[in-house]
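Quick notes on the structure that follows.
Please treat every number below as a calculation from the coordinates, not as lab data. Because the structure is a prediction, the values reported are computed rather than measured. Note that each Cβ is placed from the backbone with ideal geometry, even for glycine, and that neighbours are counted across all protein chains shown.
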């Protein structure tokens, strides 16, 4: 592994001082921002996340804010998910597609009010697409990246820790809902969400001043809960089938190929820019789709490029994320597989840096 | 410095194998791609670049291709630089602005034909802005990111090395022009350009197959020229005043604030989306502008966040890039300074990680 050269362009966050003091070992860059990837080790972080509670600097989940009379119309133009029934206080996972139905991002849309939305984005400059669309269609809407940095609290003890900071009513927040909670006199949106399957919250911290005080308060309040600094964990997210934009899908893929067809109401999402392009794939289904794949043998390294998948002697797809799972005692992986070979139990071969390995399509993800 | 976690999302390039074999020590991430930053050391790389010839993997300078009957119209919508006089075979440095005149990128536009352009981009997903604009304005144009990876050959011996590979006629290519040159039976666009002040070329390598053969051929042909693997050098680019989007400017800044007013023909660039917003600033001038700044004292570290600038006891700007220059024996820096304090010779104070330092506004960049 090589070093990362610091520069202003790889933006620091309101929590960077805390992350550094906690001994961060590695980062990725996500939305032009530092996103920690390892503290103690990938495996130690993984076990801790599944048993205790972690505080994650996920500031890199930047927000695109839509505000004004055309905000809701614009939001529907961006996604094939039907948003008519969505009430303020709800979070929706929304595929964002271009005019060909290709994925531009897979964010969470946060509806603050009828005329005010946050799109909590994965790693692409979605702001530019949204601004371009709004300009070209001459919509009455303000679009910008507000100074909002999400802080996630994840793990089985997350609820207990959060209750100590925000009060018992934090326990009543339902999955993919958010409420407004006061901290040091400031109201913050707190959602039950996060990029793990261990449960927890995301706190949308506005401005930078509150960052380190809140970070420190969480660590102080959670001492007896064994709270630690953490980050999205590659092993845990693959076990749980949490996709990563840029890794497991790109703008080459439709939502249906990504297994996100259930978030597409292609018939009724009137106004969606990619709707025409998706009508056919929605009806006929995709010819390739994201699958859980187990890779035989000793632990494989991380997947830093496409690993080709072969079946019946020909190329049938690719693995895009992989890790050794201590809990499931196999290499867990995410891949895109052609329909001829995607049935659960299908035996494939995958070309890893350690050579050809047997691989088996799974009926679903592990967790 | 922390490690970088490899993943497919941080894309490798056609030259990555060569870069690794050459002992790359650090990277930055640029357009979701690996961009080397250090081989031997920042200073050793710097001296070598100024005296010999280097081969740079700048694949991260991705292309946005515009193709079709509305390509030229769209290109003019993106920039306040008047493109009417631009002929095929020319490269233009073009500020790209949004409807408020804010910088979205500072790429080089390469005019391949009347109806075919490449925009060789700095670090933002300009593709998304261009696609959004084309969609909203219903333009007749195809937009995508082609599989083109620039390879730069930079340094005083670049011309000699290039002539050995592409023939003597490569010497006739003028600054910011390109020609088509054959290598292994494939025609490649080769421009006299590059992100250094040492002279050289950028080869637009199409596809991946030709990458390593061309890389290896350059090293073999340049043995007696002391050719080495290199990369954009932080010291050299600051000395030369080569701005870095995301470091020295963001979408908060107008081109005029970035000292790029000479590339804005705001009166005549009819159709440019940001034209209305820029007319006033073009007439009255900006209230802050990028300046060369010398920082007193011992070598400062790299600038990984804004360093505030003070004058007359108040905040008057910020430094955004800095490095110790062995050749000029001072800390060279790029900063944004308010007009009250931007005259050459103005003495300021800058808050560095090593404490407050004296700083002086320079009449121009060093090289």
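Measuring nothing but how far apart in sequence close Cα pairs (under 8 Å, 6+ apart) lie, relative to its length, region B:63-144 scores a relative contact order of 39 percent.
Note on region B:98-151: Cα-Cα pairs beyond 17 Å make up 43% of the total pair count.
Modelled this way, with points 7 Å down the Cα-to-C-beta line, the labels at residue A:175 and residue A:20 are 3.9 nm from one another. Taking a point 7 Å from the Cα of residue B:267 along the Cα-to-Cβ direction, the residues of region B:54-89 with backbone N closer than 14 Å to it are B:82. Sorted into 10 angstrom bins from 0, the C-alpha pair distances of the protein assembly as shown split as 3, 14, 23, 27, 22, 10, 2, 0 percent. With the cut-off at 1.5 for a/c, could you classify chain B from its C-alpha gyration tensor as rounded, prolate or oblate? Oblate. Summary value for chain B: 18 percent relative contact order, contacts being C-alpha pairs under 8 angstrom separated by 6+ residues. Per-residue ellipticity at 222 nm, computed for chain B from helices alone with -39500 (n - 2.57) per DSSP H run of at least four residues, works out to -5500 deg cm²/dmol. With springs only between Cα atoms under 10 Å apart, run a GNM on chain B and tell me which of B:160, B:327, B:123 wobbles the most. Per the Cα network of chain B with a 10 Å cutoff, B:327 tops the list. Calculate the all-directions average of the projected area of region B:45-107's alpha-carbon convex hull, and give it in nm². Across all orientations, region B:45-107 yields a mean hull projection of 6.6 nm². Could you tell me the center-to-center distance, by alpha carbons, between region A:213-248 and region B:225-271 in angstrom? Comparing the Cα centres of region A:213-248 and region B:225-271, I get a distance of 38 Å.
From the square roots a ≥ b ≥ c of the eigenvalues of the alpha-carbon gyration tensor of region B:1-154, which class results: rounded (a/c under 1.5), prolate (a/b over b/c), or oblate? Prolate.
Label points for residue B:209 are taken 7 Å from Cα along Cα→Cβ. From this copy to the others they lie 6.2 nm apart, shortest first. Classify region B:288-367 from the C-alpha gyration tensor, please: rounded if a/c falls under 1.5, else prolate or oblate depending on whether a/b exceeds b/c. Because a/c hits 1.5 or more and a/b fails to exceed b/c, region B:288-367 counts as oblate. Distance between the 7 Å Cα→Cβ label points at residue B:347 and residue B:208: 5.8 nm. Look at where the Cα atoms of region B:326-367 and of region B:140-167 average out, and the two centres are 34 Å apart. Comparing A:129, A:215, A:117 in a Gaussian network model of chain A (Cα springs below 10 Å), the most mobile by mean-square fluctuation is A:129.
Normalised by residue count, region A:204-295 yields a Cα convex hull volume of 184 Å³ per residue.
Between residue B:40 and residue B:284, the contour length at 0.36 nm per residue exceeds the alpha carbon distance by 83.2 nm. Peptide A:116-129 shows a mean partner chain C-beta count of 4 within 10 Å per residue C-beta.
Evaluated at q = 0.11, 0.15 Å⁻¹, a Debye calculation over the C-alpha positions of region A:99-242 (equal weights, vacuum) places log10 I(q)/I(0) at -0.49, -0.86. Ordered by the number of other Cβ atoms lying within 10 Å of each residue's own Cβ, fewest first, B:300, A:130 fall into the sequence B:300, A:130. As a length-normalised measure over Cα pairs under 8 Å and 6 or more apart, the relative contact order of region B:288-367 settles at 38 percent.
Extending 7 Å from the Cα toward the beta-carbon at both residue A:93 and residue B:163 defines two label points whose distance is 6.1 nm. When its C-alpha radius of gyration is set against 2.2 N^0.38 Å (N residues), region A:63-144 gives a value of 0.96.
Report Rg(Cα)/(2.2 N^0.38 Å) for region A:12-86, keeping two decimals.
Relative to the 2.2 N^0.38 Å estimate, region A:12-86 comes out at 1.55.
Just to be sure I understand: with springs between alpha-carbon atoms less than 10 Å apart, which residue in B:78, B:87, B:42 has the highest mean-square fluctuation in the Gaussian network model of chain B? Maximum fluctuation in the GNM of chain B, among the listed residues, is at B:87. Distance from the Cα centroid of region A:14-90 to that of region B:47-76 is 32 Å (rounded to whole angstrom).
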